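Asker: Dropping the structure in here first, questions after.
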Amino acid sequence: MAEAWRRAGEQVGCVVSVSRSRGGGEGARGSLPRGPWSGSGVLLSPSPAVVLCHGAIFSPFLLASERPDWSQRAALLAGSFSPDLRIRVLRPGGSAELRRPDEASRRGGVPAVSFHPLSSGPAEEEAPGGLERHDAELLALVPCRPFQRAFAKVFGASEQWHFGGGDEEEEAAAAEGEADELSFLHWFALLRLLGGGGDRGGAGGVGWAPAALLGKGDPLVACGSPFGSFCPDLFLNTLSKGIVSNLAGEGNALILTDARCLPGTEGGGIFAISAAGAQLVGIVVAPLCWKSNEWVGLTLICAVDGILESLRSALPHTCLLPPLHPGAKARKAAVARGGPVQQMLAAVVLVECGLSWGSGVMVSAGVVLTCRHVVSGASSVRVRTGPGPKPMLVTKGKVVFATQDASPYDVALVELEDGLSPFAEPVLASKFYEGEDVSMVGFGAFGQACGPSVTSGILSAVIAVEEKPVMLQATCAVHGGSSGGALFATRSGELLGIVASNTRDNSIGATYPHLNFSIPITVLQAALSEYTRSGDLRGFRELDRVADRVRVVWRLQREPGEVPLSKL
């Protein structure tokens, strides 16, 4: 499988840079940097050679005369942009020669660059060793409206999402009243390489599959070039592996993945594996950097079939696009699945307490485990399943137990007024293996908008007291709203623990979603068994009377007197 990822990236991945061939030019929007502004791209077809990339790198060069209504257009053609536009595409050469640092890098001459997808990079006339540079022309920019609609539904302005990274140029542009970073988020550009630069004597174009074939938990690989045209000999076509974390919109037009991407990878390809090989399913829109001052570390994707349909509508007579519908082989080949994900998703519910909410795990048809801080001292909550293949179910729940604030175990038990059935109880794990693949399921990131998200990682540490596990650490991305969610063993689907928290540095207010903590299910198993059998809560009450060494572990500090208290 690794070879399929690498081959797909080498054959179709590229860097696209946009600049002006002469000075500033008149009619463009404001005073602009020299460029080039750059990002990643995907070679859709080698002959004729056409490249798909994100449209944001063209935004500085939009003519002032286009401003009033450009965002409502079905397409923007080359005449909407500065007449002296210069577009260049950098991609691996046809030989097997490895990439090597260019002369400037070997001499120690590092070009000045701000790490932003639209920042200026090195304006080299010759490509670094092993790479090819081609001139290109803009055929059209088009919006993907299904993605735009899904985005408007999922990403609330009140949640303070931030995409990409800021720099001085962006701040100056905002001060001058230019379009904000969201204006071009759902726009994509189709380019044609000049001089037949894509044909390598038989190298095929990219195979693609509709995003409707995807499901949560499916493995994905992102192929993009961090920082765009900056040091392509080091960063061109870097791979990042993850899974489908969530889906939204018509035909899954909007995809969220935990494959980690950096600024500059916008326009890069997202691939799934099927029996037909590596299939392009999406284009990177933006790394999700921040949400309400919380580091997110996920990546926003637009389904490629929605983009192709928009291009086909804008350019109805072109023969440059791949077929709008994938071949029979791609249609019949389901993408690779990522374990018993549907079983995991069915066990996790949304727990609403007034205006606040979190996650919970159904351990039987009428009993939900969640966190004490999710129920916030309430006596009743509302519980509902997330939207999915089956209709959403909503019921009331009575909080029958919550640990005391002084307890290191942040646990609450909810009994449902109406059981949610049919329901397959999760298998509770009895052992934990450091390094095993794990999945976290909870209502973080997208929250209430489109059901629970799934993130992948490994079980990085099992903390034990007197040889009994008392804390699990995992590397899955965990965000606000995930508390009370489930940590599963990816391969077996066994429930390992209840997610309690991620990590926050109180000294600077930074949150680290990839370092998080769960309560081992073995801590709760005996109490659960006793309660479901007899309704007796004595086992849960014992969670308020644990050993001091357990309290020390969950306070994220060592034995008193050994070191100063942690700032975490």
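Asker: What's the percent breakdown of Cα-Cα distances in segment 475-558 across 5 Å bins, shortest bin first?
Answerer: Taking every Cα pair in segment 475-558, the percentages come to 3, 12, 17, 21, 19, 15, 8, 3, 1, 0.
Asker: Which whole-Hz couplings ³J(HN,Hα) result when phi for each residue of segment 78-84 is put into the Karplus expression 6.51 cos²θ - 1.76 cosθ + 1.60, θ = phi - 60°, listed in order with x for Gly and Pro?
Answerer: Values per residue, Gly and Pro as x: 4, x, 7, 10, 3, x, 9 Hz.
Asker: A further question follows. What residues qualify as long-range amide H neighbours of ASN516, i.e. H under 5 Å apart, gap of 5 or more or another chain, H built at 1.01 Å from N?
Answerer: ALA474
Asker: Per-residue accessible area for LEU213 at 1.4 Å probe radius, Å² rounded to 10?
Answerer: Rounded to the nearest 10, that gives 50 Å².
Asker: Next up: Quote the Stokes-Einstein diffusion coefficient, in whole µm² s⁻¹, for segment 345-463, based on the Kirkwood radius over alpha carbon pairs, a temperature of 25 °C and a viscosity of 0.890 mPa s. Show your work: numbers first, answer last.
Answerer: Working: Rh = 15.1 Å.
D = 163 µm²/s.
Asker: Using a 1.4 Å probe and ignoring any ligands, DNA or RNA, find the accessible area of ASP536 and quote it in Å² to the nearest 10.
Answerer: 30
Asker: Something else: Could you give the size of the charge dipole of segment 491-546 about its Cα centre, using +1 on the Cβ of each K and R and -1 on the Cβ of each D and E, expressed in debye and rounded to the nearest 20?
Answerer: Values: 6 positive and 6 negative charges, 6 e Å.
The dipole of segment 491-546 has a size of about 20 debye.
Asker: How much accessible surface does CYS450 have with a 1.4 Å probe, in Å² rounded to 10?
Answerer: 20
Asker: Given the pairs LYS241/LYS398; LYS396/LYS468; LYS153/LYS431; LYS216/LYS396; LYS241/LYS468, which span a C-alpha to C-alpha distance of over 31 angstrom in this model? Please report the intermediate quantities before stating the final value.
Answerer: Details: LYS241/LYS398 41 Å; LYS396/LYS468 35 Å; LYS153/LYS431 41 Å; LYS216/LYS396 27 Å; LYS241/LYS468 33 Å.
Over 31 Å apart, Cα to Cα: LYS241/LYS398; LYS396/LYS468; LYS153/LYS431; LYS241/LYS468.
Asker: Using a Förster radius of 51 Å, what is the FRET efficiency between ARG382 and LEU77 based on their Cβ-Cβ separation? Nearest 0.05, please.
Answerer: Details: r = 51 Å, r/R0 = 1.00.
Rounded to the nearest 0.05, the efficiency is 0.50.
The values are calculated or read from the model by the stated rules, or taken from the named source; none is laboratory data. Here the structure is a predicted model, which means the values were calculated and not measured. Positions of Cβ are backbone-derived with ideal geometry, glycine not excepted, and every protein chain shown enters the neighbour counts. Each accessible area value is taken on the protein alone, full model and side chains, heavy atoms only, with ligands, DNA and RNA left out. Shrake-Rupley method; radii C 1.70, N 1.55, O 1.52, S 1.80 Å.
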